[in-house]
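Novice: Dumping the structure here so I can ask a few things about it.
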Amino acid sequence: MAIQGHESKLDSYNALLNECVSQGTVKEGQTVHAHMIKTCYFPSLVYLSTRLIVLYAKCDCLDDARKVLDEMTLRNVVSWTAMISVYSQKGYASEALNLFVQMLRSGTEPNEFTFATVLTSCTCSSGLELGRQIHSFVLKTSFESHMFVGSSLLDMYAKAGRIHDARQVFTCLPERDVVSCTAIISGYAQLGFDEEALELFRQLLREGMVPNHVTYASLLTALSGLAALDLGRQVHSHVLRSKVPTFIVLQNSLIDMYSKCGNLAYSRRVFDSMTERSVISWNAMLVGYSKHGMGREVVELFDLMRKENKEKPVSVTFLAVLSGCSHGGMEDKGLEIFYEMKKGTYGAEPEMVHYACVVDLLGRASRINEAFEFINKMPFVPTPAIWGSLLGACRVHSNFEIGEFAGRQLLEIEPENAGNYVVLSNLYASAGRWEDMRTIRELMKEKVVIKEPGRSWIEIDQILHTFHASERSHPRREEAKTKLMELSTKFKEAGYVPNLSCVLFDVDEEQKEKILLNHSEKLALAFGLIATSEGSPIRVIKNLRICVDCHNFAKIFSKIYGREVSLRDKTRFHRIVGGICSCGDYCRALLPSSLPFFSRALLTGRAPAFFSPKSRAVCFSPEHLLSLELLRSLVAQSAPFSVFEPRPPLGLIQPLGASLWGWPGRPPMGIENQPPMGADYQPLGASLWGWPGRSPMGAENQPQLG
DNA sequence: CAGGAGACCT
């Protein structure tokens, strides 16, 4: 009788706790907890205690949850794993890892649940090393083919930039589901391998993957990177017509996709149609306006956000607002918001990035001395971005003294960035200090590492045409080049003067001009002119920042041919109409816009290599296979790098033909929500699936692991 | 009783 009563009491506790967990009520949970303390010796009852841990975690009482674990007289894998999971989910990575170690020391063997959980905490700075150790451990326990463990593992590698290791784990999985497929697709997308992400999505779809809203969100990330509007609309259509419920995450990525494809009207439509919004929805919309240089809209939307008062602005919100004010000519408003922030009006402290925005804002407004003072009074050590911003402003507004100071700071802390040398040497040249200019150029040859080759693309009739300074693969490249020569002559007559200071190399002027004309966005523009009908707008996407010379070129182009030019570069949109650009001509970076693939070889006489900071990948050009030795030494020196085969030639990508879901380019919204397809809509769609006859994921393209 | 993927920003 007594025993039975005891058991039924435990059952009631269990039921009560379950109820509290599902309702998320701490108070009642605490009452149950207190009752348990009084009536039974529960710390030895593992599952009841574990329920308590979950309850407290759900109510954000992490310390209480931990206290329950610490006071347990008997613990098993489940209770340890529950607590580790609490820490990982709330973002306390080091606590999670410490607890994992503590668990091992206590002699408890981890199981597949533990591994799947703890690996999600290995994404911090020292995470890869730990993750590797855990991977070895996983191999010993032969959980590596477990789907959940495998997904965590591959995600861990992808987040550390080791996409090939991630791919290897994925390939070895005996079974796959949406989550593991999404993890690998999003791995590619997040590292900027957008075409690869797309190709993989398509391949997995053929193999029977049933995507869910997370998969589509990841796919949209890749499409945003490519500015593939038409495909983005296909995804939107598909989502609306299929039974995928509307998730905020997915709507947020739609807002972002439309804005990065140049179609803010659609972004706003999605934003307005949402019944519920998260901070990220607001951020995505604000960032969109900011990148398009629409300062007034940024401020208006920010005011609306504060009026609604549902979502608190966070760090990224202020980043968007401040840079929007800077790019959109609302300097005073930006400063006002920054100082309100400092006063604590919004409950968010300004961080380094916000200070950087203010420096940019002051520099843009020609308030150089003020910007310099601002930097000196900052509570942070200035970053390269801050000095770079100031140096750029000094170049534009010809302030030699402060510019030289900023430049010297930069060369010290960021010696591998070519742009710094170029801007500083230009500053010396404009002050007539030729000796200093030469010294800087010499210095550059020793230290510079070229980062990423430039490329530009333009979509015409659903075909994506890519131009690349050192690539010869586009079938109409010669035609485009001939047209470009013609434009150059014509524009010079109209007053265009090539800005030779945009060239890195120490060659004669004629050579410099040639190099400038080789910049990929000029080729894309020239091609746009011959391949589109008269008067239609031309949209070009560029993976780096546009240089001053190409910017001037595009302005004259728009004026002479009466074409609207929309150019998305690394940081923002330039909308050029009648020779006037929406950016207000503030090109503080006098960077060469398109560094040829082999420029490092030209500069240093050494093998060409670049690494992409985003993906931490080293890449080599196929024409220069002699670089293998250097490759090995680079890899040996720097553990966290992946080695890549170069991307396949992207000269011309064929259209999709029958599109993914069989409705090519159908309007993404139902008739009733259909925005007008009038003058504002120009398909930018890029049919990017695959390169003819070649899969980027083929075995021949897989690098050797280990 | 515990577990894997995701949107904004660098």
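Novice: Using the structure shown, decide if A:Glu340 is outside any helix (DSSP H, G or I) and surrounded by fewer than 18 Cβ atoms within 10 Å (Cβ to Cβ).
Specialist: No; evaluated as a whole, the condition is false for this residue.
Novice: Within the stretch A:210-229, take every residue that is in a helix (DSSP H, G or I) and open to solvent by 10 Å² or more (accessible area, probe 1.4 Å) and give me the one that is farthest from DNA strand B (Cβ to nearest atom).
Specialist: Per the criteria, the residue is A:Gly225.
Novice: Hey, another quick one. Tell me which residues, restricted to the stretch A:200-209, are open to solvent by 10 Å² or more (accessible area, probe 1.4 Å) and within 13 Å of DNA strand B (Cβ to nearest atom).
Specialist: Result: A:Met209, single match.
Novice: Inspect all residues belonging to the stretch A:289-298 and state whether any of them is surrounded by fewer than 16 Cβ atoms within 10 Å (Cβ to Cβ) and over 24 Å from the mean Cα position of the chain (by Cα).
Specialist: yes
Novice: Now for a different question. For the stretch A:350-369, give me each residue that is touching a Gly at 6+ places or on another chain (Cβ under 9 Å) and open to solvent by 70 Å² or more (accessible area, probe 1.4 Å).
Specialist: none
Novice: Shifting gears a bit: Can you tell which of A:Glu564, A:Glu479 is more than 25 Å from A:Gly225 (Cβ to Cβ) and not assigned by TED's automatic domain parsing to the domain that holds A:Gly388?
Specialist: A:Glu479
Novice: Consider A:Val179 carefully, then state whether it is of a type outside the set (S, T, N, Q) and open to solvent by less than 10 Å² (accessible area, probe 1.4 Å).
Specialist: So A:Val179 fails the test.
Novice: Oh, and also: Of these, A:Ala116, A:Ala93, A:Ala183, which one is within 25 Å of the chain's Cα centre (by Cα) and modelled with pLDDT of 95 or more?
Specialist: A:Ala183
The values are calculated or read from the model by the stated rules, or taken from the named source; none is laboratory data. From a predicted model like this one, the values you see are computed outputs, not experimental measurements. Note: ideal-geometry Cβ built from the backbone for every residue, glycine included; neighbour counts use all protein chains shown. These accessible areas exclude ligands, DNA and RNA; they are computed on the full protein's heavy atoms, side chains included. Shrake-Rupley method; radii C 1.70, N 1.55, O 1.52, S 1.80 Å.
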